[in-house]
Structure formats: C-alpha cells, structure tokens
Amino acid sequence: MSLGSLTTRLRFHLLPVLVWLGAVACVVMLFSRRAQRFEVLGMARGQVRQIAANCTGRLTDLRVELFEHVDAGQTVAVINTVLDNESIVEAELKSQLDAAIAEIEHLTAQLVPTQEALMAEKADREINLAVEMRRFLADAEQTRLQILTLKAQIASDRILLTDLASEVNITEALLKEEAVAPYELQKAKVQYDSLAKKIQENENMLAQAEEDLGQARQRADEFVEHQLVHPSVDSALEVIRKEARVQEKLVHGLLEQLEALKTQREIELKAPFAGVVISIQGQANQAIFHRPGEGVIRRAGEVVRAGDSILAVAETAPSEIVAYVSEAQLGFVKETTPVEIVKRRPPEQKARCQVDYVGPALELIPEQLWLNPTVPQWGRPIVIRIPEGLELIAGEVVGIRTL
C-alpha cells in the first residue's frame, strides 16, 4: 500500500473521531453554562397582619378560633380597658355624684321645716286658698327633688350593673376553662339580677314620680290662675329651687361624663382584610407552626398590655415568593432577571416570570429553607410575584432557577 493511500484512509477514519470530540466539547460547554444557572428554594408568602392590643385591658371576648375564616372589618376581639388613670377618673366622678345626691337629700330635708312653717302660718292667713297654694308648690318641689334623687341613684346603679355584667362574662369565660368554680358564676349572676331588679323598681318609681310631678304642677297652675302666691313663701321656695337647679345641672353633667367613660371601656379589634386566623407571629411575615390549640392565640379573660399580640390574620392565597441566594450566586441575579418557578407537589407546574425586588443585605434564611436543619444559612432575599395560573398555598416551598 502506498503512503498516499495510507494517509487518505487515516484521514477518513480520523474525521468521525474529530466530529465526535467536537460534539463532546459542545455538550461539555452547554453543561458548563447550565451549571452556572443558580437553583434555590423559595417560599410562597401572603400578607400577614398581627392583631395587637392598642391599650392595656382585659380580653373579655375572643370571637374567632384558630384557622377560622374572617371578613374584612369583622370584629375578632373585645378589650375592656382597666387603665389606672381611668379608674381614678371614674372614682372621682362617682364621688362627685355621691356628693350631689347628698346635697339633694339635704334640700329634701329643708322642705320639711318649710312645710311645717307653712302649716303654722295657716291661722294667720286671711285666705285659706293661699295656704293651699303653698302646699301645692312644696309638694311639686318635693316630687321634683325625689325625681333627681332617683335619677342619680339609677345612674350610679347602672354603672355598677355594667361592671357586674363584665364580671359575669369574664367568670363565664373562666368557667369554660375550669379556672373557677360554678359557684362563682352563680354568685355573680345573683348580684347582677338583684341590682337589675333594683334598677327596674327605681325606674318604675321614677315614672310614677314624674307623673305625680306633672299632676302637681297642673294643680298649681290651675290654682295660680285664681289665687296669688304669698310673697314670703314664694321667696323661701325660690331659694330651694335655685339650689335644686344647680344640683340638677351638676348631676346631668356627671351623668354625661360617666356615660362617655363607659362607652370608651369596650374596644373592638377588627380584621384588616379577609383571611384566616393563624398563630401569633414570631418573625415578620413568617408563621410559627404549632399544633392546634397549643397557645397560638390569646384567650378570653387574659389581661393584655398595649402592643401585645392577640392573634394574626393571613391572606388565604399567597401573592409573592421569597427566596434567598447565597454569596456565590449573587452575580447571577438582579432585578428583572428571568427565572422559572417549579412547583414540586402534584400536579407539577412550571411558570416563567422575573425577579421583582432584591434585598440590600444578607439575612438569616427561614429555617424551612435550610439544607441542613441543624446548620443556619444566610442569603440575600429576592421577591418574585406569583404569576397567574400558578396554584400555591402560603408557606409552600418551590424551586427557582434562572433562564
């Protein structure tokens, strides 16, 4: 065989080898470029809001349970304020109200000697009808002062009745938790019913007194049309009238202040948006997973301070994915970097989108995303909006890789 033919045959056999080596080099290069694409784990996240007490008080009513669905604006808890300064103000108002009641009783006692004086002057009156007029006026004033006394007493009892109602509610909540004996609830209800009955009786007496006052004034008006009031008697009664009007205005003002104070006692906490009640949060936007009933929300009857978390509400559907890239992957990601989201649970889904935001610093990665549960990891957070059609639940882990 000649050298030329040998060289030709050698070239013929080397050509496929060279082609194969070129293909291998291309594959290696493609795999090398593919290896440069980072792949990390991300976690679907929805909006989470903690419902916290805005003042110090007692949690009297918790109207939701763990994992219960709530609507925007729905009342989830009620706090009865027990601030020290409020108690001091209430005590001062009650003290002033008691003083006003005492003054009314004093004015009532002054009417007795006035009536006796009027009766003693009966023999000196030239006209018996004038004496009758004085009696009408005294009866009307006495009835009016009796009405003021009853109003003040009813107002004071209603304040106490509100406190007893709160005590009954709290005792019922504690009884459900077996923190008190049934006797305590029965005792509280008996006190509440007794005071309510007393208020009802005083209101009936007040209605009767107002009716009597109207009749007395009508008789006095009819009498005035025919007879003149004796000047000295009218002057004596006018002094009591003025003092009574002063006390009447004072009682009216105190009742308004106490009513305003009572309306500020009950504070309702509402859900900021529609969602599901979850555990109290330990870190922002990350739920702490507890077993159901394992101290995840506060209970009725507990005293809470201003700023204390009571429960948390999470959106039903997540709106974004948060992932963390390591230091070695920082050069492969920035805002608008195209990525692919892979949902790993059945049915498997993939979606293409882009990085929306990149965090400014490295942060501690949530424990659910650690490769080794015992070794903490740090990374730079990125945020990706969940594209339409990708069905995820809050807290679900997905795979993310660049395109």
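Does Val375 meet the test of being surrounded by fewer than 14 Cβ atoms within 10 Å (Cβ to Cβ) and farther than 25 Å from Phe67 by Cβ?
Taking the combined requirement at face value, the residue satisfies it.
Hey, among Glu184, Glu203, which residue is at pLDDT 85 or above, of a type in the set (Asp, Glu) and surrounded by 12 or more Cβ atoms within 10 Å (Cβ to Cβ)?
Of the residues listed, the single one that is at pLDDT 85 or above, of a type in the set (Asp, Glu) and surrounded by 12 or more Cβ atoms within 10 Å (Cβ to Cβ) is Glu203.
Just to check your reading of the model, which residue among Ala165, Ala173 is among the small types (Gly, Ala, Ser), within 19 Å of Gly57 (Cβ to Cβ) and either touching a strand residue (DSSP E or B) at 6+ places or on another chain (Cβ under 9 Å) or outside the structural domain of Lys94 (by TED's automatic domain parsing) (or both)?
Ala173
What number of residues in the range 39-65 are modelled with pLDDT under 85, part of a loop (DSSP other than H, G, I, E, B) and within 16 Å of Ala274 (Cα to Cα)?
Result for the range 39-65: 2.
Is there any pair with a first residue in the range 169-194 that is closer than 24 Å to Val78 by Cα and in contact (Cβ under 8 Å) with a residue 60 or more places away in the chain and a second that is hydrophobic (A, V, I, L, M, F, W, C) and surrounded by 12 or more Cβ atoms within 10 Å (Cβ to Cβ) whose Cβ atoms are under 6 Å apart and which are 6 or more apart or on different chains, and what are they?
Here the result reads Ala173/Ala300; Leu174/Val180, each pair linking the range 169-194 to a residue that is hydrophobic (A, V, I, L, M, F, W, C) and surrounded by 12 or more Cβ atoms within 10 Å (Cβ to Cβ).
Within the range 327-342, can one find any residue that is closer than 30 Å to Lys270 by Cβ and not assigned by TED's automatic domain parsing to the domain that holds Val277?
Among the residues of the range 327-342, not one is closer than 30 Å to Lys270 by Cβ and not assigned by TED's automatic domain parsing to the domain that holds Val277, which makes the answer no.
List pairs: first in the range 350-368 and in contact (Cβ under 8 Å) with a residue 40 or more places away in the chain, second charged (D, E, K, R), Cβ under 8 Å, 6+ apart or cross-chain?
So the pair list comes out as Arg352/Glu340.
Going by the structure shown, is Ile382 crowded, with 16+ Cβ neighbours inside 10 Å, in contact with a strand residue (DSSP E or B) (Cβ under 9 Å, 6 or more places away or on another chain) and not in a loop (DSSP other than H, G, I, E, B)?
When the stated conditions are applied, Ile382 passes them.
The values are calculated or read from the model by the stated rules, or taken from the named source; none is laboratory data. What you see is a predicted model; the values in this text were computed from it and never measured. Neighbour counts are summed over all protein chains in view; Cβ atoms, including those assigned to glycine, are modelled from backbone coordinates with ideal geometry.
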